[in-house]
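Student: I'd like to ask some things about the structure below.
Bear in mind these aren't lab numbers, they're just calculated from the coordinates by the rules spelled out. Bear in mind that the values here come from a model prediction, so they are computed numbers and not experimental data. Cβ placement follows ideal geometry from the backbone for every residue including glycine, while neighbour counts extend to all protein chains displayed.
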Amino acid sequence: MPELFKKVLVANRGEIAVRVLRACRTLGIKTVSVYSTADRYAVHTLMADECYEIGPPPPLESYLCIDKIIDAAKKAGADAIHPGYGFLAENAAFSQACIDNNLVFIGPSPESIQLMGNKVESRKKMVNAGVPLIPGMKDAGESIEQFRKAADKAGYPVLIKAAAGGGGKGMRVVHKQEELETAVDGAKREAKSAFGDDTVYLEKYITDPRHIEFQVFADSHGNAVHVFERECSIQRRHQKIVEESPSIAVTPELRKKMGEAAVEVVKAANYVNAGTVEFLLDTSGKFYFLEMNTRIQVEHPITEEVAGVDLVAEQLRVASGFPLSKQFKNLSQRGHAIEVRIYAEDAGNNFMPSIGKILLYQEPTGPGVRIDSGVRHNSEVGIDYDPIMAKLICWGEDRDTARARMVKALSEYKILGLRHSIKYLSDIVAHEKFGSGETYTDFIERNFSDWSDGVDENMEMALATAAVANALVKPDHVASGNGDMGSRDYNPWLTIGSWRIGEKIK
Amino acid sequence: MPELFKKVLVANRGEIAVRVLRACRTLGIKTVSVYSTADRYAVHTLMADECYEIGPPPPLESYLCIDKIIDAAKKAGADAIHPGYGFLAENAAFSQACIDNNLVFIGPSPESIQLMGNKVESRKKMVNAGVPLIPGMKDAGESIEQFRKAADKAGYPVLIKAAAGGGGKGMRVVHKQEELETAVDGAKREAKSAFGDDTVYLEKYITDPRHIEFQVFADSHGNAVHVFERECSIQRRHQKIVEESPSIAVTPELRKKMGEAAVEVVKAANYVNAGTVEFLLDTSGKFYFLEMNTRIQVEHPITEEVAGVDLVAEQLRVASGFPLSKQFKNLSQRGHAIEVRIYAEDAGNNFMPSIGKILLYQEPTGPGVRIDSGVRHNSEVGIDYDPIMAKLICWGEDRDTARARMVKALSEYKILGLRHSIKYLSDIVAHEKFGSGETYTDFIERNFSDWSDGVDENMEMALATAAVANALVKPDHVASGNGDMGSRDYNPWLTIGSWRIGEKIK
Amino acid sequence: MIYEFVHNGELKTVDLKDNRIATFPDVNKAVEIDCSPDGRFYLHNGDARSEVHAVVSGDTIFVDINSVLYEFTIPSQDGGKGTSGGGDMADPSKVYAPMPGKVVKVIAVEGDEVEAKAQLIIVEAMKMEHICIAKAKGKVTAVNFKEGDQVDTETPLIELELAE
Amino acid sequence: MIYEFVHNGELKTVDLKDNRIATFPDVNKAVEIDCSPDGRFYLHNGDARSEVHAVVSGDTIFVDINSVLYEFTIPSQDGGKGTSGGGDMADPSKVYAPMPGKVVKVIAVEGDEVEAKAQLIIVEAMKMEHICIAKAKGKVTAVNFKEGDQVDTETPLIELELAE
């Protein structure tokens, strides 16, 4: 009979570190956090039973330092390390270093990480396991005959792509065979002039693709399951910002097929612990393996809300040697969950990260509202790390209820002191095309390329508010205020934090 | 086809008003709140689209004023009124006044309210419908023969009670027939001397009873369902403070039987909308109807979390004329939920209500944590109303997970400025007898009669904290502080709320 | 720097060095409290730092240590009140209401000799009755309110002449 | 009482009466803002009062109206900066980094004649590249940093002599 870890070190920061610490505490496991000097007073640092400094702010000198983290774990007497996501989460060397130091890495083996990190190798393995990949040429095409054969095999439309490519250069969509030769020649010319290399290849063109991923889980006793899908098509700068589960595009039959394929991937990779198998889904219901993420994902909470499980607690149990717990053997979906990522960034200015101090922080609450956050009132959002502040997850009996709760919760979510994406996210979730489920991967380009926050509409209200705030912070103005304000020896902004100006402790 | 209300007035305050307002907003219904002068800036007042003042703080002059509330509803052009719980929620005259003014009362008919409000009438009706009541005499007993017959029928142990009674006076538990006569005589003598009236009667004595209630729901189309049970045995001063669902004492078979009885009650009362049927459950699995509450209950969220439904939204739909929605036709339980009520009260001093201003307010978040609250930072908790500030609801895959999450969440919940029950609640949920499910209605008396918060254990830490806080609030002390503090032009308590002392706007 | 606070009517003393190291005259113990740039307090204990909470409001300091609440009062210069609420709780010769409310029953009569813990007067506040008791044995010298009166926490309800 | 604020480099004026009624010189509109005893701001509109949020920090006022963010700066007496971040954004002859970071590429060369929107220098901050562009046509008179330099938001990266 295995035993649960006694003490776990969390090798991460921000909301995911807090999430893992909470899971440990719920299971009665002692916790250790590590922090860079920038995070000396961060939420994750102080939530743990013990905390160790591991260096200056740049990740390479702290959160990416395998030695320092292993040292902290040994000093604290931890049994295991949870890597969160990002940083060392998909680093095979770190997973190996844990093993070499008699620490359990809470995640898959170094071999699994390595295999899935190598896109060429992993795709080969998946082809052999019968998992569908985007059809096309494996290598560059030489003769037009090769292209024609490959196109016939993949089925039109097809895409010609430059091997050295990027940014749409040397790329052509071909809808019919008779357009193929012209397209290949054109793509080659363009590739040559753009990259100095005219190598091009062909793959199937996916019309209106959706990003569908399956949560998977496997224990060290040979059990592997999937925990249904998440749709993560809404992306900006190739980063997901709105995720939901279930996907509106996945029928029960398709779910069964894709889920089985996801479990095939897990088995083919000898995978243990939580992972995510990413697929592209086209409008005809065909799906293609993209890659597998060998970690807990940012968007794992929507799966938790819909399936009624705790994925992080299960990571800890499975890594301790337990078989999958009974909840994972009789899984079902209930209702609908949506997650939005609250970044410190300027949605109106190309999503430029925003840094600063959170001067006002007010989270929404109530039925169906969950917040996983890594900041609070007076937190500093600095320059060194990913600017995610929090995730807001809303659950509802159905998709429309989840959407309505999300829009309401976002309207109650207040962060002042830096720029953030709350208004942008609210506009996405409230958008009619989101409502009708037209959530393809180009949703943002298609519907939000000319988005603006409508700052001018309420300029007068904003100015009036600024003027009142300004007036009340200046005591001489308060004195000349109206009866209502003047009759109180009271200055609202100075009393927040409960200290009344004018009162002196003797 | 019915239509959802366009505008709803919420005739309540505090957390339940906020809960109802949120449900309305999620359904796209416009909202109206009413407030006494004490609540001019309360959370519920300002969350609505419109708000109307209805009088001074005493409830009799505001929240209990039927005319003022009806007037506000007419002025705002509301279609319907939601009464919340307490105040006018179970007032048949109010329900009737709504009807008379062409407003929909979101709850049952005046007749149902009246029937269930009359305990004698409702018990008669329930006997006829075959719902089990605590067996015993319907009237006072005269001859010892009558007592003997009633005792044989009810089954020993039985309880002799004074008709004029209260406080245990004139009460005797009888375990065997041979003790009956002595007990009746003794009870009569005691009743006579205590109340001047020696009338006594007999009913079955329930050993180790649990308070089990069933959430029920009926629409105006003849559909009635139950939404499983809640156990609310943990009570102080006859008020529930910890509730959970499901009950550890209710087996699937018992759930079926009790649920069917609850639905019988609903049908016998021609009941429409949400209600709660309360039972006493004894250790042998026998249950007895106590009463029916014709309103949404304080503890409704645990049912919502376990069943995955929104009871308040359903109240609005059903009152609009819709049949029960599909979620209510295919109900199932998932996991376990616990609710605790966060009162402004002094658990160490006989639960004396505590009034004051909330100077620091910090809610827990994360997986499985839900908060329904009616206060926030800087809220005043006054003398005029029930001192409930918030409810904390924790869900987990199983009871132990829900308990662990609750203890963790309570440890993260910080309210300063008045006394509250957080530590007391945490000690209850963490208690081993709670863990083993020995949650009988005398749980508090049995296990917490000598509870103390352990204030002396950490007195030095508290004093040290007070001293540091005191030192840093006084600028002259800051100046003489150590390098760490003195190097900043910074005073922590004055900067909360983002205003830095020393900085002046010119 | 020596700080004095009143807790439940008792005077407590703490010696604070460098605004962070506290020692106590009667206990051999040092406690280190750190204040972060974001205005929070942390208790140091080896490699652990655990958050503690405190708010200063007027002459009262509210503290939360592991969910246990403390209410400290800074003694005023004129030797005044022991706690912030309920009048001068430290003086057993005066009985105060625990919170503003209405007198529902007066039990004590002027001239009564009462024992410690004797019930003197009942005040209803927030729909709950609170029984005010004698803190020490004595003779009732004044009953300042009658049934139905509104009372605050500043004026004594009952005054006693203490025995011995 | 007339208040002036800078928003996105533009000067805005508001006339505030009784610390609650705001009117605007160029718009025929009055806005009533109420401040509650618990330090929150409410917009009055008939029987509706909706909460708006504001925080004053130094010479910057952050405001949230229906989730739309506003950052106002109080103009300083010495005629100084237009916004709080990114140097003096109002002066097109100076180009600042939008946030502290590292110069990864210098495109402009001293003496270059550049058009408005020409790319001048690229700064990497928070793992993302930001391209700093010319706000107006002109001639590059100074390039103050080279590749690899750490830059802040206060020192201009590039200076221009504006055309005309």
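Student: Distances from B:PRO157 to the same position in the other copies: list them in nm, one decimal, shortest first, using label points 7 Å from Cα along Cα→Cβ.
Tutor: Nearest to farthest, the other copies are at 8.1 nm.
Student: How much FRET efficiency would the formula 1/(1 + (r/R0)^6) give for D:LYS137 and B:ASP100, where r is the Cβ-Cβ distance and R0 is 60 Å, rounded to 0.05? Spell out each step's value before the answer.
Tutor: Details: r = 75 Å, r/R0 = 1.26.
According to the calculation, E is roughly 0.20.
Student: Looking at the protein assembly as shown, send over the antiparallel percent of its DSSP beta bridges, to the nearest 5. Provide the component values of the computation, followed by the final result.
Tutor: On the way: 228 of 254 bridges.
Bridges in the protein assembly as shown that DSSP calls antiparallel: roughly 90 percent.
Student: For a Förster distance of 51 Å, can you work out the FRET efficiency between the beta-carbons of D:GLU4 and C:MET1, rounded to the nearest 0.05?
Tutor: Details: r = 45 Å, r/R0 = 0.89.
The pair D:GLU4/C:MET1 has a calculated efficiency of 0.65.
Student: Give a residue-ordered list of calculated ³J(HN,Hα) values for segment B:121-133 (Karplus: 6.51 cos²θ - 1.76 cosθ + 1.60, θ = phi - 60°; whole Hz; x for Gly, Pro).
Tutor: 4, 5, 5, 4, 4, 5, 4, 5, 7, x, 7, x, 10
Student: Label point 7 Å out from A:VAL127 along Cα-to-Cβ: which residues of segment A:140-159 have amide N under 12 Å?
Tutor: A:140
Student: Same structure, new question: Using the Cβ atoms and a cut-off under 12 Å, what net charge is assigned to the surroundings of A:TYR52, where Lys and Arg are +1 and Asp and Glu are -1?
Tutor: Working: positive: A:ARG40, A:LYS68, A:LYS74, A:LYS75, C:ARG49; negative: A:ASP39, A:ASP49, A:GLU50, A:GLU53, A:ASP71, C:ASP47.
With Lys, Arg at +1 and Asp, Glu at -1, the net is -1.
Student: What nm value, rounded to one decimal, do you get for the distance between B:LYS267 and D:GLU51 when each label is placed 7 Å out toward the C-beta?
Tutor: 4.7 nm
Student: Using a label point 7 angstrom from Cα along Cα-to-C-beta, what distances in nm, from shortest up, separate B:GLY285 from the other copies?
Tutor: Output for B:GLY285: 4.7 nm, nearest copy listed first.
Student: Still on this model: Tell me the label-point distance for the pair B:LYS153, C:GLU154, using the 7 Å Cα-to-Cβ offset, in nm and rounded to one decimal.
Tutor: Each label point is offset 7 Å from its Cα along the Cβ direction, giving 6.4 nm.
Student: Also, I was wondering about something else. Along Cα→Cβ at 7 Å, what distances in nm separate the B:SER452 label point from those on the other copies, shortest first?
Tutor: Computed spacing set for this position: 6.8 nm.
Student: Measuring from label point to label point, each 7 Å out along Cα→Cβ, what is the A:ASP67 to D:LEU11 span in nm?
Tutor: With each label point 7 Å from Cα toward Cβ, the separation is 5.9 nm.
Student: Rounded to the nearest 500 deg cm²/dmol, what is the calculated helix-only ellipticity per residue at 222 nm for the protein assembly as shown, with -39500 (n - 2.57) per DSSP H run of length n ≥ 4?
Tutor: -7500 deg cm²/dmol
Student: Hey, got the average number of other protein chain Cβ atoms within 10 angstrom for residues in B:34-43?
Tutor: Working: counts 0, 0, 0, 0, 0, 0, 4, 10, 2, 2.
Shielding by partners across B:34-43 averages 2.
Student: Given a Förster radius of 41 Å and the C-beta distance between B:HIS238 and B:ASP185 as r, what FRET efficiency does 1/(1 + (r/R0)^6) yield to the nearest 0.05?
Tutor: Values: r = 30 Å, r/R0 = 0.74.
Efficiency for this residue pair is about 0.85.
Student: Considering only the other residues whose Cβ falls under 14 Å of the Cβ of A:ARG419, what net charge follows from Lys and Arg at +1 and Asp and Glu at -1?
Tutor: On the way: positive: A:LYS357, A:LYS414, A:LYS423; negative: A:GLU345, A:ASP346, A:ASP453, D:ASP64, D:GLU71.
Surrounding charge for A:ARG419 is -2.
Student: Ignore the peptide's own chain and count Cβ atoms of other chains within 10 Å of each Cβ in B:332-342; give me the average, rounded.
Tutor: Numbers: counts 2, 0, 5, 4, 0, 0, 0, 0, 0, 0, 0.
Taking all residues of B:332-342 together, the mean is 1.
Student: Take peptides D:153-160, A:51-58, A:39-46 and line them up by average Cβ neighbours within 10 Å, highest first, as a rough protection proxy. Walk me through the numbers before you get to the answer.
Tutor: Numbers: D:153-160: 19.4, A:51-58: 17.8, A:39-46: 21.9.
Descending mean neighbour count gives A:39-46, D:153-160, A:51-58.
Student: So if I take the centroid of the Cα atoms in segment A:297-336 and the same for segment A:138-189, what is the distance between those two points in Å?
Tutor: 43 Å
Student: Using a cut-off of 13 Å between beta-carbons, work out the net charge of the residues near B:MET258 (Lys and Arg +1, Asp and Glu -1, B:MET258 not included). Present the calculation step by step, with values, prior to reporting the outcome.
Tutor: Numbers: positive: B:ARG210, B:ARG230, B:ARG255, B:LYS256, B:LYS257, B:LYS286; negative: B:GLU213, B:GLU229, B:GLU231, B:GLU253, B:GLU260, B:GLU264, B:GLU278, B:ASP282.
Neighbour charge sum, excluding B:MET258 itself: -2.
Student: Ignore the peptide's own chain and count Cβ atoms of other chains within 10 Å of each Cβ in A:350-363; give me the average, rounded. Please report the intermediate quantities before stating the final value.
Tutor: Details: counts 3, 1, 6, 7, 5, 5, 6, 5, 3, 11, 8, 0, 4, 3.
Average per residue, whole number: 5.
Student: Something else: In the protein assembly as shown, with Lys and Arg counted as +1 and Asp and Glu as -1 at Cβ, which of these residues, D:PHE72, B:ILE241, B:ALA92, has the Cα nearest the positive end of the dipole, that is, farthest along it?
Tutor: B:ALA92
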